[in-house]
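Presented below is the structure to which this report refers.
The values are calculated or read from the model by the stated rules, or taken from the named source; none is laboratory data. All figures in this text were calculated on a predicted structure; none of them were measured in a lab. Cβ placement follows ideal geometry from the backbone for every residue including glycine, while neighbour counts extend to all protein chains displayed. Note: accessible area is taken over every heavy atom of the protein model, side chains too, but ligands, DNA and RNA are not part of it. Shrake-Rupley method; radii C 1.70, N 1.55, O 1.52, S 1.80 Å.
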Amino acid sequence: MSYTPKNERYSNMKYTKCGNSGLKLPAISLGLWQNYGDVNAVETEREMLRRAFDLGITHFDLANNYGPPEGTAEENLGRIMKMDFAGYRDELIISTKAGNPMWEGPYGDGGSKKHMMASLDQSLKRMGLEYVDIYYSHRPDPETPVEETMYALDRAVRQGKALYVGLSNYSAEQTRVAAATLKALGTPCLIHQPKYNMFDRWIENGLQDVLKEEGIGSIAFSPLAKGLLTNRYLNGIPSDSRAASSSRSLSVQAITEGVISKITRLNSIALKRDQSLSQMVIAWVLREGRVTSALIGASKVSQIEDNVAALNNLDFSQEELLSIEKILK
């Protein structure tokens, strides 16, 4: 069945300028990390991407090693692009990353120019694209000078294989050095992608200040703490949940009595706001405009719909914020 996007897809989504650039990102972006490889049927993935776009999500985020297995998320996106989005490429932001282990041998990971350029060529081939909108260094490589990695990002832009470049998992000081290098090269850093949620607030201790000073946007991955900050685990561990599966991203040991107590109390605040817990958590990540976009993951359409509905109430009273802070201490 052919796909025609909803005419009203841009009417309810919020779009925000990314740092000092002219590029606007949706308040909620879709990450294709764990549920878009060969673990799911392409038709299921296709349904989720269609619904996301219909809701105004214009940014699909990938990496060379997303799957599982590695590379299959990009391959499947390439198939879906041909089937559904070929005529809408200019309405989409597609990002990918390199720097984590991907193939055998000394050039299969890290931040060397060899790895970064080879990986981008492989990603473009898998997705069937001429360029990506954002190309990231997925992590700092202690064995490679940061200047070399930034030269590779700059080269990708100059070759027309990427429009913008970004960093992920870089500390505040590493970000400052990388941003200065990119600025000197004439390819400013567009965006930083850190982990950020109520249970992991490390970016508040310096990184957010650097991003503001440098005019760099941010997109928070794992805003729901791998599903912990949802109502999924309020009454135990469901058999079909991530914690109960063989996934290494969330263990049963992480769901302690203390965690359950916190999410139960947070859920009470969310209910008073007429939101699900996940909706309130996403709104909290986006509070005060310090985060450009929240990067969600999803295994079903209903999760995408629930997360996007967070935009119906992004405001917090001072009392609510103080109550949340008290719970999180």
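How about segment 30-47: which of its residues are of a type in the set (D, E, K, R) and free of Cβ contacts under 8 Å to residues at least 24 places away in the same chain?
Listed by number, the list holds a single entry, GLU43.
Of all the helices (runs of 4 or more DSSP H) wholly in segment 257-329, which have at least 2 residues that are open to solvent by 40 Å² or more (accessible area, probe 1.4 Å)?
257-272, 301-308, 318-328
So is TYR107 in a helix (DSSP H, G or I), touching a helix residue (DSSP H, G or I) at 6+ places or on another chain (Cβ under 7 Å), modelled with pLDDT of 95 or more and open to solvent by 10 Å² or more (accessible area, probe 1.4 Å) or not?
Against the criterion (in a helix (DSSP H, G or I), touching a helix residue (DSSP H, G or I) at 6+ places or on another chain (Cβ under 7 Å), modelled with pLDDT of 95 or more and open to solvent by 10 Å² or more (accessible area, probe 1.4 Å)), TYR107 does not qualify.
Looking at segment 148-162, I want the residues that are more than 12 Å from SER137 (Cβ to Cβ) and have a partner that is part of a helix (DSSP H, G or I) and open to solvent by 40 Å² or more (accessible area, probe 1.4 Å) with Cβ atoms under 8 Å, at least 6 apart or on another chain. Which pairs are those?
Cβ pairs passing all conditions: ARG155/LYS113; LYS161/ASP121.
Within segment 276-304, take every residue that is within 22 Å of VAL210 (Cβ to Cβ) and without any contact (Cβ under 8 Å) to a residue 60 or more places away in the chain and give me the one that is farthest from the chain's Cα centre (by Cα).
Result: GLU288.
Of all residues in segment 82-119, count the ones that are closer than 19 Å to TYR3 by Cα and of a type in the set (Lys, Arg).
2
Please give the number of the condition VAL132 fails out of (1) in contact (Cβ under 8 Å) with a residue 60 or more places away in the chain; (2) in contact with a Ser or Thr (Cβ under 6 Å, 6 or more places away or on another chain).
(1)
Return the residues of segment 69-91 that are surrounded by fewer than 16 Cβ atoms within 10 Å (Cβ to Cβ) and in a loop (DSSP other than H, G, I, E, B); say none if nothing qualifies.
PRO69
Suppose we filter segment 10-25 for residues that are closer than 12 Å to THR58 by Cβ, part of a loop (DSSP other than H, G, I, E, B) and open to solvent by 30 Å² or more (accessible area, probe 1.4 Å); how many remain?
Count: 2.
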